[in-house]
Each structure stands twice: as C-alpha cells, then as structure tokens.
Amino acid sequence: MSRPDGSSTFGSGQSQQQPRPLLLHYESPASEWSEALPIGNGRLGAMVHGRTQTELLQLNEDSVWYGGPQDRTPKDALRHLPKLRQLIRDEEHAEAESLVREAFFATPASMRHYEPLGTCTIEFGHVVEDVTDYRRYLCLETAQTTVEYRCRGVSYRRDAIASFPDNVLAFRVVASEATRFVVRLNRLSEIEYETNEFLDSIDATNGRIVLKATPGGHNSNRLAIALGVSCDDAEGSVEAIGNALIVNSTSCTIVIGAQTTFRTEDPEAAAVDDVLKALSHQWSDLVERHQQDYAGLFNRTSLRMSPDACHLPTDERIKNSRDPGLVALYHNYGRYLLISCSRNSKKALPATLQGIWNPSFAPPWGSKYTININLQMNYWPAGPCSLIECAIPVLGLLEKMAERGKKTARVMYGCEGWCARHNTDIWADTDPHDRWMPSTIWPLGGVWVCIDIFEMLQYQYDENLHKRAAVVLEGAIMFLLEYLIPSACGRYLVTNPSLSPENTFLSVSGEPGILCEGSVIDMTIIHIAFEKFLWSTNILGGENPLRAKVEEALERLPPLVINSDGLIQEWGLKDYKEQEPGHRHVSHLFGLYPGERISPSRSPELAAAAKNVLERRAAHGGGHTGWSRAWLLNLHARLLDAEGCGQHMDLLLKGSTLPNMLDSHPPFQIDGNFGGCAGILECLVQSSIIDANTVEIRLLPSCPKDWAQGQLTGVRTKGGWLVSFSWQDGVIEEPVVIETTATTVSEVQLIFPGGLRSLVRADPSTSTQKVFAAKE
C-alpha cells in the first residue's frame with residue numbers, strides 16, 4: 001500500500017493507528033449517497049463511496065446546468081404596480097395576491113437548475129463476504145479520502161484528492177498483488193433508479209475515456225469528461241475494450257478532468273489537456289501540490305475541544321455521542337467544505353444549495369443559489385475563518401446579477417439601479433422564480449448578498465474587492481431609493497409590495513395574507529445597506545450624489561416595533577399574527593443575526609423581545625430544518641444564551657446531520673453545515689466595531705458548559721485582528737494571543753468571561769501581543 005505521498009505502508013500497521021481529531025472515519029462502505037465522503041477543488045467534486053465490489057465516484061462540475069440564459073421578465077408588472085400597492089394598503093389580501101399571479105409572476109416560472117457531471121465506476125469484484133479489516137476515512141488535515149481493506153489475502157488501498165493546482169480529480173489504487181479491475185465513465189442517475197444515460201458519446205482509446213454530453217434546455221453548456229490511467233509497475237497494463245478501460249496493476253493513478261463551454265470553447269481538448277498534464281507527474285507530486293495549496297487555507301485557524309471520542313466511527317458519534325470533540329469536528333468540517341466547494345478561479349461560481357455535490361438530474365429546489373438566506377449562510381464562516389478568497393465567487397455572480405437586474409428593476413418597477421429575487425442561477429437570473437406567493441416576488445435578495453460582502457470586508461479588508469463591491473452596492477442603493485414609498489400613515493418610507501420570506505400571516509379578520517408594507521426584514525436590510533453605503537463612501541472618498549439622499553431616507557425608515565405580546569413585529573407596522581408560529585424562517589430577527597441592530601448590551605428591550613420570538617418559535621416546533629437550526633444557534637449566541645446554544649447544537653447534530661456529517665434539510669442542503677460552523681465560533685468569540693478606531697471582542701460569550709475545554713487558534717475578528725486562546729471550565733487560560741498584521745482599527749476592548757476588560761492597542765513594533773485580563 002501507499003502513504004499519501006505514495007510510499008509503501010504494507011506491514012506498517014498504519015491502518016491500526018488511533019484516529020486523529022480531524023478525521024471522519026467509518027468501518028463499512030457507503031450504501032447510499034448520504035454516507036459517501038465529499039472531495040472538491042471548488043470547481044470539480046466527487047462523492048467517494050468506498051465500495052469494494054464496484055467503487056462509485058459520483059462526479060460534479062460547477063458549470064453543468066440545464067439550459068442557457070432566459071428572458072423571463074414580466075412585461076405587465078409596472079402598469080399594475082400602483083393598483084397592487086393600493087390593495088396592500090387597503091389590506092385586500094386575496095385581491096392583491098390574485099393580481100400578483102396575473103401580472104408579476106414570470107414565464108417560464110423556473111430558472112435553470114444544476115445537474116450532475118457523471119459517474120465513474122471501478123469494478124473490483126471484491127464481495128463483502130471476502131473483505132476484512134475494512135476502513136475508510138476523510139482526513140481534514142490533508143483533504144484526502146482513503147479506503148483500506150483486505151480481500152482473500154491481498155491488501156488494498158485507494159486514495160482520492162481533488163487538486164486545485166492541477167485542476168483534476170486524482171485517485172490512487174495500490175494492492176499487494178497485481179489486480180485486475182474495470183474503469184467506466186457514464187452519465188446517469190444513481191439515486192433515481194433511472195435507466196436513461198444523459199450523454200452524447202463515450203470513447204475509450206489510448207488509455208483514456210472521453211465522455212461528451214449536452215444537458216437539456218436551450219443553449220446549455222456542452223461538457224466533456226476525460227479520464228486517464230497511468231501504471232507505476234513495469235508489468236502494469238491498461239487496455240480499452242468497448243467503452244471501458246481494463247487495468248491490471250499493483251499501483252496506478254486514475255485522473256479525471258472535466259470542462260464545459262462555460263469556460264472554454266473546446267471542453268474536450270481542455271479536459272484531456274488537464275488529464276495529460278496531471279499524469280505527467282508522480283502521484284507524490286500531485287499530492288504535495290494539493291496539500292500545500294489546501295493547507296495554506298485550512299491551517300489559518302483551528303479549533304479543538306475535549307473530551308474527544310475520536311476513536312469511535314463518525315456515524316456512531318453522530319447517532320450516540322455528544323462529545324465536545326464532535327462539535328469541533330463539525331466546525332472544522334465546515335471549513336473543509338467551504339474550501340472544497342468555493343475557490344477563486346477563472347469565472348468562478350459560488351456554492352449552491354448543495355455546494356458542488358449534487359447526484360440528481362432533478363435536484364431539490366434546483367440546487368440553485370437561493371438568496372433569501374441560503375447562499376448567504378454558506379459564507380457566514382468566511383470572515384472569521386480568514387477564507388474571504390473563497391467568497392470572491394459570490395462577488396463575481398453578484399456583478400452579473402447587477403447587470404441583469406437593471407432590466408428587472410426597470411421593467412417591473414420603473415426604478416433605476418438593479419434588484420434580484422429570492423433565487424438566482426449560473427446566468428445570474430434576477431426575475432421572479434416559481435409561483436409561490438410567500439417568496440416569489442421578494443426583490444431584496446441581491447441587496448442582502450451585497451451587505452454580506454461588506455460584512456466580510458470588516459473582517460479582512462481588501463481595497464480592490466471593496467471597489468468592485470461598491471459599484472454593485474451603489475446600483476442596489478439606486479433601486480432602493482426609488483422603490484421606497486411613503487407608508488399608509490405617511491410617516492415612514494417603506495417597501496411595497498413587501499413580504500417576510502416564505503411566511504404567512506393572519507389578519508385581524510382571520511384572513512391569511514402574505515403581502516404587506518415594509519416587513520421588518522426589508523427595513524432592516526435597507527437600514528444596514530444604507531449604513532454600509534455611507535461607510536463605503538467614507539472609506540473610498542470623493543463626492544457621491546446619492547449620499548445626501550441616503551442620509552435623508554435613513555432618517556425616515558420605520559423603527560423596530562415590539563407588539564403587545566412582547567415580540568418584534570414581523571410584518572412591519574401591522575401587528576399580524578403568524579399562521580405558522582413555528583416557521584423555519586426567523587426573518588424579523590435579521591437585526592440580531594446576521595445584523596447587529598439588536599444587542600443585549602446596546603438594545604436590551606429589543607434583545608428581550610427577540611428572545612421571546614425564539615421561545616415562541618421553539619414552543620411550536622421551530623428549527624426543524626438543518627439551516628434553520630443553524631440560524632437559531634447563531635441567534636442564541638448573539639443573545640449570550642449559552643444553554644440555548646448547547647441545545648441547538650445538540651439538535652443540529654442529532655436531527656439534521658447525515659452519516660457523512662453533511663447537513664439535512666431534509667434532504668441534503670449544505671447551508672446548515674456552514675451556519676453551524678459559524679455558529680460554533682459565535683459561541684466562542686464575538687466582535688463588533690464600536691467606532692472608526694475601536695473593536696470590541698468578547699471571549700466565550702455563549703460557550704455551553706459541556707464545551708468544557710478547548711483551544712481556538714487564529715480566529716479573525718472584525719477590524720482584522722487575529723485571536724488565539726485556550727479555556728478550561730469557562731475560564732480563559734491566559735494569556736490571550738492577539739495578532740495585528742492586517743488590522744483596520746487601532747485598538748481592542750477585549751472582554752473576558754465575567755466581564756473583565758483589557759485595552760489592547762496596535763503596536764507598530766510587533767505583530768503579536770500577549771494579553772492578560774485587567775484586574776478589578
């Protein structure tokens with residue numbers, strides 16, 4: 001067998017070593033997709049099943065989508081907009097919704113959806129009854145999967161990596177004796193029991209297989225997959241028979257490349273070139289380049305917690321164990337997934353609802369970019385984990401949305417600037433999606449994505465990214481200034497039509513309704529967007545003609561309202577009741593998280609009302625989806641509710657985590673992984689910029705008692721500071737180490753558990769300082 005670097009491990013006992021804390025490991029092959037292990041290089045991905053009879057590698061490439069760009073903008077919306085707004089003011093809910101169905105829904109209703117790239121199968125014929133000493137694992141330190149077992153006296157090891165530097169998926173097959181196996185490529189559904197093959201051609205020759213396909217829909221990206229095999233042993237052989245490769249070897253490397261016309265005019269030539277270049281290198285060289293690249297991102301921060309039952313198989317831990325080490329593994333797995341499914345490269349695309357790992361030709365919710373929380377949640381860890389590079393694909397998509405969204409804003413609302421709905425796709429579609437009233441015509445999805453980009457810049461400032469983002473934000477601000485209109489009472493500027501994403505209310509008469517004036521999430525997003533715009537213009541300097549208009553509009557936005565039940569009103573100025581009190585969205589708490597308008601220290605009454613909202617949601621079964629549970633974890637962390645955080649983290653693991661540790665909505669959605677990853681950090685470190693020169697950093701603000709011991713290294717805070725510390729039983733083991741290499745504020749108010757504070761100022765003479773709690 002071979003180590004990751006290609007050297008032999010036969011007889012070394014390596015497979016018997018105790019598992020490490022950064023390992024997902026299992027004692028049987030994956031029987032279904034939700035047990036397979038993901039690898040990815042941001043663009044290419046695979047789910048490795050680790051099977052012994054026929055290995056299954058389910059493949060994805062991020063630009064494989066059904067269909068090309070569409071023109072779907074509703075042409076009659078604008079002339080019906082005044083009537084719609086009046087119906088909403090008059091609380092004629094049924095009539096308003098009927099008008100929306102007639103004039104504001106798009107045709108066709110759906111955007112494009114994401115599809116699988118294909119499958120690679122490797123037929124070994126090792127039946128389970130003959131297999132012993134089986135073990136498979138994913139190492140988060142190296143971003144490599146491994147399968148080890150014995151069959152009829154022969155030892156086998158298979159390794160898999162997704163290399164960003166070499167732009168390929170690479171697999172290593174090593175055996176203690178020469179082994180014959182068959183390698184195939186195909187493009188069919190492994191989860192829907194389809195017999196259809198969705199491809200144009202397969203050709204196997206000269207030690208390679210090339211598959212070509214055109215996903216359905218007008219103007220689809222054409223794709224090509226290339227697979228090549230190289231044997232290390234002198235006696236090894238590769239023979240093409242039919243559409244397959246027959247390999248006989250003790251040690252060989254299989255490389256898969258794939259390209260589409262989204263990035264190149266000739267995807268076949270590009271994919272073959274990627275494969276040939278990779279096969280010109282030794283396996284050890286491929287692994288070294290891959291691991292150096294990955295470690296440069298993954299090792300920026302780390303989290304360990306004890307006790308850690310890492311000796312148990314991961315699926316057992318998820319079902320039976322609640323050790324703190326599993327929480328740390330969940331966080332570190334989130335960082336691994338973000339690096340694996342979102343990297344900055346040529347025409348880079350962000351993570352979809354499923355990251356890059358989708359096995360279905362008809363995936364749940366189209367596996368698109370859903371922007372009424374899901375895409376945003378995917379990138380919540382990027383700032384504190386120093387992974388802002390991984391978020392650059394979001395900005396690239398946003399720039400395309402800003403161009404397409406100009407037509408949507410003009411044709412539907414008669415507004416300058418741009419807007420986008422609650423979904424978008426590879427083509428940056430900004431028109432209404434679906435025909436579902438509680439979400440379809442919400443126009444602030446793009447604005448939310450904008451402000452999240454600016455939030456990341458507070459963690460890790462980059463002037464070039466700021467200038468790019470500023471252009472996009474200015475277009476969104478232009479739309480908002482024209483979309484806002486006086487409220488029915490005349491006192492405020494509000495959005496109309498408005499809604500609270502995916503939720504429904506009951507009016508005073510008991511009639512269900514969806515559309516309103518100035519929902520709380522709308523007005524909170526706009527308030528934050530205006531503040532980000534003013535901050536941006538201050539930093540970049542120069543005169544901006546929109547600034548005075550923004551300042552004036554900001555003063556006329558309605559405040560957050562606490563109703564007679566002690567709750568923050570969800571539907572703006574109207575005290576409507578929820579039709580579904582346990583709804584998965586908690587949109588009216590946007591100002592608590594991801595925003596900062598609600599704070600236990602700065603706005604205690606609003607914080608108390610927010611806590612009441614969460615208690616009401618919980619009492620009626622809220623948090624039943626994985627991403628919603630992750631959001632609740634972050635919300636409770638902001639409320640400094642350590643006990644609530646522990647409960648929600650436990651429920652996230654217990655009820656919304658698949659055996660391969662991916663998040664379950666159900667079914668699989670990756671957003672919960674990233675929301676949970678960010679939420680764990682929110683329990684351990686929170687930061688807030690107080691003024692232009694000061695950031696407040698709070699240590700262990702919401703750390704559950706069960707997380708008794710741990711070490712956090714290199715977490716990034718707002719203002720660009722890096723913080724490292726250990727803790728035991730809720731007490732910081734001093735000193736705290738603070739690094740100031742890329743800070744944008746000059747001093748820190750460091751708050752220890754119990755409230756003791758230390759003032760830290762940036763020291764030009766050193767980048768690292770050791771800080772102790774100031775004595776009372």
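The values are calculated or read from the model by the stated rules, or taken from the named source; none is laboratory data. Every value quoted in this text rests on a predicted model; they were computed, and no experiment measured them. No Cβ is skipped: glycine too gets one built from the backbone with ideal geometry, and neighbour counts run over all protein chains shown.
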| said: Just to be sure before I move on: is Lys346 assigned to a helix (DSSP H, G or I), more than 14 Å from Ser163 (Cα to Cα) and at pLDDT below 95 in the structure I sent? | reply: no
| request: Go through the residues of the stretch 560-576 one by one and say whether even a single one is closer than 26 Å to Glu91 by Cβ, in contact with a Phe, Trp or Tyr (Cβ under 6 Å, 6 or more places away or on another chain), assigned to a loop (DSSP other than H, G, I, E, B) and assigned by TED's automatic domain parsing to the domain that holds Glu92. | output: yes
| How many of the residues in the stretch 94-134 are within 21 Å of Asn248 (Cα to Cα) and free of Cβ contacts under 8 Å to residues at least 40 places away in the same chain? | 1
| note | Of the residues in the stretch 254-285, those that are over 23 Å from Leu223 (Cβ atoms) and either in contact with a Ser or Thr (Cβ under 8 Å, 6 or more places away or on another chain) or without any contact (Cβ under 8 Å) to a residue 60 or more places away in the chain (or both) number 4
| request: Would you check if there is a residue in the stretch 577-584 being of a type outside the set (Phe, Trp, Tyr), more than 30 Å from Leu653 (Cα to Cα) and buried (at least 16 other Cβ atoms within 10 Å of the Cβ)? | output: no
| task | Considering each of Arg136, Arg157, Arg152 in turn, give the residue that is more than 12 Å from Glu55 (Cα to Cα) and surrounded by fewer than 22 Cβ atoms within 10 Å (Cβ to Cβ). | result | Arg152
| Which one of Val695, Val736 is under 20 Å from Arg638 (Cβ atoms) and in a strand (DSSP E or B)? | Val695
| Residue in the stretch 497-523 that is nearest to the chain's Cα centre (by Cα), counting only those that are among the hydroxyl-bearing types (Ser, Thr, Tyr) and surrounded by fewer than 24 Cβ atoms within 10 Å (Cβ to Cβ) | Thr504
| Going through the stretch 700-716 one residue at a time, which ones are crowded, with 20+ Cβ neighbours inside 10 Å and either closer than 21 Å to Gly646 by Cα or out of contact with any helix residue (DSSP H, G or I) (no Cβ under 7 Å at 6 or more places or on another chain) (or both)? | Leu700, Pro701, Ser702, Cys703, Pro704, Trp707, Gly710, Leu712, Val715
| request: Check the stretch 42-58 and report whether any residue there is over 30 Å from Asn332 (Cα atoms) and either assigned to a strand (DSSP E or B) or within 23 Å of the chain's Cα centre (by Cα) (or both). | output: yes
| query | If Asn544 passes every condition in (1) closer than 18 Å to Glu502 by Cβ; (2) in contact with a Ser or Thr (Cβ under 8 Å, 6 or more places away or on another chain); (3) in a loop (DSSP other than H, G, I, E, B) but one, which one does it miss? | reply | (1)
| If a residue has to be touching a Ser or Thr at 6+ places or on another chain (Cβ under 8 Å) and either in contact (Cβ under 8 Å) with a residue 60 or more places away in the chain or exposed (fewer than 15 other Cβ atoms within 10 Å of the Cβ) (or both) to count, how many in the stretch 548-569 make the cut? | 1
| message | Which residue is nearest to the chain's Cα centre (by Cα), if the candidates are limited to the stretch 583-615 and must be basic (Lys, Arg) and either in a loop (DSSP other than H, G, I, E, B) or at pLDDT below 95 (or both)? | response | Arg584
| task | Could you pull out every one of the helices (runs of 4 or more DSSP H) wholly within the stretch 259-336 that has 1 or more residues that are surrounded by fewer than 18 Cβ atoms within 10 Å (Cβ to Cβ), outside the structural domain of Pro215 (by TED's automatic domain parsing) and more than 23 Å from the chain's Cα centre (by Cα)? | result | 314-320
| said: Among the residues that make up the stretch 575-582, is at least one of them at pLDDT 95 or above and among the charged types (D, E, K, R)? | reply: no
| task | Sort through Ser628, Ser601, Ser656 and tell me the only one that's surrounded by fewer than 20 Cβ atoms within 10 Å (Cβ to Cβ) and either farther than 22 Å from Asn563 by Cβ or not assigned by TED's automatic domain parsing to the domain that holds Asn563 (or both). | result | Ser601
| request: Could you please let me know if Leu227 is assigned by TED's automatic domain parsing to the domain that holds Tyr156, out of contact with any Asp or Glu (no Cβ under 8 Å at 6 or more places or on another chain), buried (at least 18 other Cβ atoms within 10 Å of the Cβ) and in a strand (DSSP E or B)? | output: yes
| request: Only residues that are within 20 Å of Asn358 (Cβ to Cβ), of a type in the set (D, E, K, R) and either at pLDDT 95 or above or part of a loop (DSSP other than H, G, I, E, B) (or both): list them for the stretch 191-211, please. | output: Glu192, Glu194
| note | Reported set for the stretch 161-179 where residues are surrounded by 24 or more Cβ atoms within 10 Å (Cβ to Cβ) and aliphatic (A, V, I, L, M) is Ile161, Ala162, Val168, Leu169, Ala170, Val173, Val174
| message | Looking only at the stretch 343-400, filter to residues that are among the hydroxyl-bearing types (Ser, Thr, Tyr) and touching a strand residue (DSSP E or B) at 6+ places or on another chain (Cβ under 6 Å); which one of those is surrounded by the fewest Cβ atoms within 10 Å (Cβ to Cβ)? | response | Ser386
| Residues satisfying the stated conditions in the stretch 403-447, i.e. in a helix (DSSP H, G or I), buried (at least 23 other Cβ atoms within 10 Å of the Cβ) and out of contact with any Leu (no Cβ under 9 Å at 6 or more places or on another chain) | Gly405, Thr408, Ala409
